[in-house]
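Beneath this line is the structure, given in structure tokens, with notes to follow.
FYI, it's all coordinate maths here, none of it is from the lab. Just so we're clear, the structure is a prediction, and the values are computed from it rather than from any experiment. Backbone-built Cβ (ideal geometry, glycine too); neighbour counts: all protein chains shown.
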Amino acid sequence: RLKHQADRLGLKWDNKTPWVMKPKAHVRSLEAAFFKDRDGSDVDLCSENKYGSNADLVPDFPGDWIPFDAEMTRDPLPFGMPFNDDVYQEFYLERYAKNRQWCFIHQDTSTETCTLSDDFVLSSGKTQTSPLAVDPPEQEGENDTCSKPSSPEKAMGFEDERKKPSTCRNGTAKSHQDYRIKARPDAPPALPYDTTKAWDLLYNTVVVLKEGGNAALSVGAVSLAACRYDKAIRYCAIAFLCFPEGQLSFLSSHQGALAQNGGHEVRWTPLLKALVTTRLNLSMTTLRPEAYSPPIASDQAQLALNEIKPFATSKGKVLIGEMLDTSRDEEPEETYIEAKELQA
């Protein structure tokens, strides 16, 4: 999905960190050439900021990024794209690889080297340029070459290849489980894990998406604004929904606090305020003619009020407990004031 998102938006995609998408070099060069002062001097730009909006550089789905990033989890999952080129050879050749490179890989050529477009890995290739190596199936004999699909239907998997593994000429069966991913021995060492940094990255991501929605709304792109607000809420859900956190160890203590308070957040944090304001923005956006949907507007407003409820009862107190039937004292008065302003 990350590759397709990058292709759709014309972004640069790196399989070493596929969740980090940037404008391509020639786009940044054109932007730098276009944005000039009247006296001809270069405008001081951040090269990524002039590509539409930074909100577009954020992965559409949190699950495509956070479980794999060593800065977001103590035990990141392995990632990569093992490609079954025996069954989907024609698709790969048409969509990703170059003819010359494909021929090099499928020949017994010890002197030729090539780099696959976009660093994709071929399961049977002799040259592997990805940070993730793919283990090819064990071969018997020096001329042990797998048979190619005999028709486009077989190449795309529309026939029995979906139900049975492909076979090599020596009769050895191959299945999708044979295309395994392992970390390369020369992979860079993992960065030290810091839960505070993980929370900061999540918060900053939500802020980028919310501000992207505000920017779209200010120029009349109502549908785009609604999409960015919805995307921001999707990332907030990681922090405020109760679910088995799995690899996301920075959520462990927070999940316990949510469970003790009936799923309510009882700390007035910047991330909670960002969630509430984003819901309210989305509610107002879906009342505009371009994205008119009163049920969605009502739902988002009600959800924002539910988030505010523990803080908007009385000054200096916050409701806590599974039923919000007890209170915690000595809460700053500013919390109550901010909550009441948002409630209004």
Using 0.36 nm times the number of residues separating ALA344 and ALA70, minus their current alpha carbon distance, what extension gain do you get? 94.6 nm
Highest first, please rank the peptides 61-68, 194-201, 322-329 by the mean number of other Cβ atoms sitting within 10 Å of their residues. 61-68, 194-201, 322-329
ALA257 to GLU333: extension gain in nm, 0.36 nm per residue of separation minus the Cα-Cα distance? 25.1 nm
Working out 0.36 nm times the residue gap between ALA221 and LYS3, then minus their Cα-Cα distance, what length gain in nm do you get to one decimal? 75.9 nm
Report D for region 268-344 in µm² per second (integer): Stokes-Einstein, Kirkwood Rh on Cα pairs, 20 °C, 1.002 mPa s. 162 µm²/s
Please go through the residue pairs LYS317/LYS340; LYS197/LYS231; LYS210/LYS340; LYS231/LYS317; LYS12/LYS210 and name each one whose alpha carbons sit more than 25 Å apart in this structure. LYS231/LYS317
Which peptide among 249-258, 288-297 comes first, and what is the full order, when sorted by highest mean count of other Cβ atoms within 10 Å? 249-258, 288-297
Could you give the spread of the C-alpha atoms of region 211-319 along their three principal axes, from largest to smallest, in whole angstroms? 41, 38, 22
